[in-house]
Amino acid sequence: QVRPVESGGRLVQVGESLRLSCATSGRAFSGYNMGWFRQAPAKERELERELVAAIRWNGGITYYADSVKGRFTISRDNAENTVYLQMNSLKPEDTAVYYCNRLRPSGASSWSASNVPNPLIGSWGQGTQVTVSS
């Protein structure tokens, strides 16, 4: 089973920026909605991963959790089978392991917390650790 490969996480100071990348094979990327999730240190179960950003397969719709809205930007390069998460103005509460994964199909014309697609059942990658130090 194809697993995404996340990268770009590291230790940063409050207010700094990072760009995370998630690469996967074409078969596991093309035509799929994608999402970035995070799992904070106190959360141990996979079900406690928070969806922070999502993007439609063609980039036409994006969604952001309230906690990151205005600071994070999700984007994708379908030619490179890669999805990105630009994180600005980082805060200590952004400290987490960040994962990407495919999302279920959606026919909605926009996404909100009530209808953003759930992740597809499948393998998660190793994630990338982001630590924001104050």
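The values are calculated or read from the model by the stated rules, or taken from the named source; none is laboratory data. In this text the structure is predicted, and so the values were computed from the model without any measurement. Cβ sites come from the backbone with ideal geometry, for glycine too, and all protein chains shown count toward neighbours. Note: accessible area is taken over every heavy atom of the protein model, side chains too, but ligands, DNA and RNA are not part of it. Shrake-Rupley method; radii C 1.70, N 1.55, O 1.52, S 1.80 Å.
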- The FRET efficiency for THR131 and ALA108, from their Cβ-Cβ distance with R0 = 35 Å and rounded to 0.05, is 0.50
- Note on the structure: With a 1.4 angstrom probe the carbon and sulfur portion of accessible area for the chain, in percent, totals 46 percent
- Task: Might you report the magnitude of the Cβ-based charge dipole of the chain about its Cα centre, with Lys and Arg at +1 and Asp and Glu at -1, to the nearest 20 debye?
- Result: 240 debye
- TRP111 accessible area, nearest 10 Å², 1.4 Å probe? 20 Å²
- Message: Just to confirm my numbers, what's the Cα centroid distance between the range 9-23 and the range 88-122 in Å?
- Response: 17 Å
- Task: Could you state the accessible area per residue of the chain in Å², with a 1.4 Å probe and every protein chain left in place?
- Result: 52 Å²
- Output the relative contact order of the chain, whole-number percent, from Cα pairs under 8 angstrom with separation of 6+ residues. 36 percent
- Gaussian network model of the chain, springs between alpha carbon atoms under 10 Å - residue of SER114, SER67, SER30 with greatest fluctuation: SER114
